[in-house]
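In what follows, a single structure is set out as structure tokens and then discussed.
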Amino acid sequence: MSRTDGWERVSPVSVLFYIGQVVRGVARNFFQAVVPAAVFLISTGSMTSERLYAIGTALALITILVAIGRYLRFRFRIEEDAIRIRQGIFRHEELDIGFDRIQGINTTQNPLYRWLGLVDIKLDTAGSAGSEGHLPAVPEGLGDSLRRHTRGRRDASVGSDAADPADTAEQELLALSAADMVRIGLTSNRGLLLLAFLAPLVDNLGEELSGRIERWLDPLTRVLDALSGGAAAAAALLFFLAAALLLAAISIAGAFFRHYRYALTTDGAVIRSRAGLISRHEHSMGLGKLQVLRIRQGPLLGYFDAARIVAKQAASHAVNTRKSFLIPLVPSRSIGRLRSVFFGREGRELDLSPDSDAFQPISRRYIRSRTLLFGGLAAAVILLQLASRGAWTAAAVLTPAALAIAWLAARRRYAHWGLALTPDAAVVRHRDESPRLVVGRACRRGFSPDRA
């Protein structure tokens, strides 16, 4: 990297990073926006395939030129108390990120970067929705250097210069094996996400490609037609089982790619995870800003005697996953230890087990309100529909039945809710009996867990 008046330039390989940013942005909305627009233009005759290829080539060249421009205009400088970043082609921007505001230093290293000794660094700061600072394609040692500098300033600010180095050394909290990757894949929703991803593509294939698929499946259709009813049902069942196994295999493969060699460590102030089969990802989060700990355990996770934990920082919300810290699989026996790591002395009196006797029932008004809301709405719709047809007898039977069903459902959900409180923390048990711990500097008396 070259230096200009103390300002440093990232590696030219960052051009690939900027191109990848554009490609990922397009890919997120490709099947929802690009494909329908292209199909519409081609079907109306306003654009031929040759014109489409020409536009694609032009967009690719523009993307490459913009990526080169962003690389040439990017500079950064590391000072004693801050990192300064200059960037932008048409709109120049300068970021001044103080080390005191940095809550997490996250790195990503793909095979190319590993071969070249480079890494991407993202800086999570207090008050920002995502990564405020981004250093693409910098030497891999820079991430460790920034962490040491940040830790040194943090220790100095709390007067811990004389602390025992063993107290701040990283300790391993959790390591996941290959068998755990299988468990993560089986309990993940990646298969359903794949179906959601493919659905718009299938919907926009067009008549020609749909006809080809029908011709490919025509021999199979004739075989099924020749079978008896029971044999056809068995064949259909085998097909769905094979599809389920395929989706499970894809989900397990995704777990290996994302979480292989997962290791969770902490130095007492920051928790950090390292994982990845091809690209190594390193994610960190400051424990001092932790606000909510969600522990989820579905039927399969319960069978494996494990849970999935998501920790959220202060100022994070449901739709913001960048401020979240995911632990994909945690044995039940390790939940108590992780709780003490995440919250220290706060919440130590609480038991996170869903079967704990510490949970108190919520107000019974919950049953009444849900019955009136859902049962009353359903009863009103039924009454209006049947009364307009003169079916008063059916209305007299179904209307109370709708209220009764809503009451039974609300009562069942009420039984699965629980609340446990201490002076500085709260545990809310969800409908699936998985608790979530709500605790922290901003979560004291008057804090609503439902808004966490």
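The values are calculated or read from the model by the stated rules, or taken from the named source; none is laboratory data. Please read all numbers here as calculations on a predicted model, not as lab measurements. Cβ atoms come from the backbone with ideal geometry, glycine included; neighbour counts cover every protein chain shown. Heads up: the accessible areas ignore ligands, DNA and RNA and are worked out on the full protein's heavy atoms, side chains in. Shrake-Rupley method; radii C 1.70, N 1.55, O 1.52, S 1.80 Å.
A few comments on the model shown:
- Out of Arg114, Arg84, sole residue that is out of contact with any Pro (no Cβ under 8 Å at 6 or more places or on another chain), part of a strand (DSSP E or B) and not acidic (Asp, Glu): Arg84
- Residue, modelled with the highest pLDDT, within segment 312-323, restricted to residues that are within 21 Å of Thr266 (Cα to Cα) and open to solvent by less than 20 Å² (accessible area, probe 1.4 Å): Lys312
- Test: residue in segment 229-239 that is at pLDDT 80 or above and of a type in the set (Phe, Trp, Tyr): no
- Of the residues making up segment 335-350, those that are open to solvent by 30 Å² or more (accessible area, probe 1.4 Å) and at pLDDT below 80 number 7.
- Neighbours by Cβ (under 6 Å, 6+ apart or cross-chain): first from segment 249-276, surrounded by 21 or more Cβ atoms within 10 Å (Cβ to Cβ); second charged (D, E, K, R) and in a strand (DSSP E or B): none
- Selection within segment 123-140 - surrounded by 21 or more Cβ atoms within 10 Å (Cβ to Cβ) and either at pLDDT 90 or above or part of a loop (DSSP other than H, G, I, E, B) (or both): Leu135, Pro136, Ala137, Val138
- Cβ-Cβ distances below 8 Å connect the following pairs, each with a first residue in segment 69-95 that is without any contact (Cβ under 8 Å) to a residue 60 or more places away in the chain, a second residue that is among the charged types (D, E, K, R) and part of a loop (DSSP other than H, G, I, E, B), and a separation of six or more residues or different chains: Gln87/Arg73; Gly88/Arg73; Ile89/Arg73; His92/Arg73.
- Subset of segment 277-294 that is not in a strand (DSSP E or B) and not aliphatic (A, V, I, L, M) - its residue that is surrounded by the most Cβ atoms within 10 Å (Cβ to Cβ): Lys289
- Test: residue in segment 427-436 that is open to solvent by 90 Å² or more (accessible area, probe 1.4 Å), under 30 Å from Gly288 (Cβ atoms), modelled with pLDDT of 75 or more and part of a strand (DSSP E or B): no
Yes/no matrix, rows are residues, columns are (1) over 34 Å from the mean Cα position of the chain (by Cα); (2) closer than 30 Å to Ile309 by Cβ:
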site	(1), (2)
Asp357	no, yes
Gln360	no, yes
Tyr366	no, yes
Leu372	yes, no
Ala379	yes, no
Trp392	yes, no
Val397	yes, no
Ala401	yes, no
Ala406	no, no
